[in-house]
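Quick notes on the structure that follows.
Read-outs throughout are calculated quantities, based only on the coordinates presented, and are distinct from any laboratory measurement. Note that the structure is a prediction, hence the values are computed from the model and not measured. Every residue, glycine among them, receives a Cβ derived from its backbone with ideal geometry; neighbour counts consider all protein chains shown.
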Ligand code: 3AM
């Protein structure tokens with residue numbers, strides 16, 4: 001069963017800006033490979049081939065204009081507890097919300113159950129199998145609160161398939177959809 005999610009492949013300018021922070025001292029964890037860096041819109045999970053085909057097809061209906069993505073600030077999940085994920089913040093602008101809503105609506109037509117929690121757009125930078133001790137990342141987070149990458153145009157979104165390989169996770173693009 002393919003494991004799917006809908007997301008945005010980040011433009012080079014954003015990947016460059018985020019990778020430039022990699023040298024700073026966070027405890028070692030898993031930082032995504034350049035080609036894997038993305039913004040998730042909807043996590044779908046494992047679905048039968050027929051459902052994957054239906055999702056791939058219905059996403060063609062999405063008709064949303066291109067928009068600018070702005071990156072700012074960093075943070076952790078869970079927010080109040082021992083972090084498992086360190087992320088870069090993404091401005092939840094009207095353009096991004098329109099794409100998030102339209103892709104969610106399209107998937108729902110084919111039976112997808114949308115995440116009930118409020119969408120908190122973020123780009124995962126570091127992931128820890130074992131949560132860090134409380135406070136261990138707070139200095140890094142405070143030091144990088146002023147992260148800002150200027151608005152960069154997004155002109156497509158992607159239906160990704162994620163596979164676990166001996167060499168870590170690999171994301172392949174099952175389909176790419178142009179924005180209008
Ligand atoms: O884009 P990021 O890295 O934040 O954490 C997974 C990754 O998020 C998330 O989907 C993205 C692509 O794999 N993900 C994985 N399993 C998930 C789950 N069960 C999940 N999100 C929600 N529920």
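Report, to two decimal places, the Cα Rg of the stretch 60-121 normalised by 2.2 N^0.38 Å (N = number of residues). Show your work: numbers first, answer last.
Values: Rg = 14.1 Å, N = 62, 2.2 N^0.38 = 10.6 Å.
Dividing the Cα radius of gyration by 2.2 N^0.38 Å gives 1.33.
May I ask you to compute the full-extension gain from residue 141 to residue 82, defined as 0.36 nm times their residue separation minus their alpha-carbon distance, rounded to one decimal in nm?
Taking residue 141 through residue 82 to full extension adds about 19.9 nm, to one decimal.
Once you keep just the Cα pairs under 8 angstrom separated by 6 or more residues, what percentage relative contact order results for the stretch 51-150?
Rounded, it is 39 percent for the stretch 51-150.
What is the order of 77, 164, fewest Cβ neighbours within 10 Å to most?
Working: 77 16, 164 9.
Listed from fewest to most nearby Cβ atoms, that is 164, 77.
Using alpha-carbon pairs under 8 Å, 6+ residues apart, how would you state the relative contact order of the stretch 1-55 in percent?
67
Using Cβ contacts closer than 10 Å as the measure, can you line up 144, 120 from fewest to most?
Least crowded to most crowded, the residues run 120, 144.
What base-10 log of the normalised intensity I(q)/I(0) is obtained for the stretch 25-67 from the Debye formula, alpha carbons as equal point scatterers, at q = 0.34 Å⁻¹?
-1.12
So what are the stretch 20-107's ellipsoid semi-axes, whole angstrom, largest first, if each one is the square root of 5 times an eigenvalue of the alpha-carbon gyration tensor?
29, 18, 13
Per residue of the chain, what 222 nm ellipticity follows from adding -39500 (n - 2.57) for every DSSP H run with n ≥ 4, rounded to the nearest 500?
Theoretical 222 nm ellipticity from helices: -6500 deg cm²/dmol.
State, as an integer percentage, the relative contact order of the chain based on alpha-carbon contacts under 8 Å between residues 6 or more apart. Display every interim value, and only then the final one.
Values: 325 pairs, mean separation 60.0, N = 180.
In percent, rounded to a whole number, it is 33.
Would you mind ranking 74, 158 so that the residue whose beta carbon has the fewest other beta carbons within 10 Å leads the list?
The most exposed by this proxy come first: 158, 74.
So what are the stretch 3-178's ellipsoid semi-axes, whole angstrom, largest first, if each one is the square root of 5 times an eigenvalue of the alpha-carbon gyration tensor?
Each semi-axis is √(5λ); the values are 28, 19, 15 Å.
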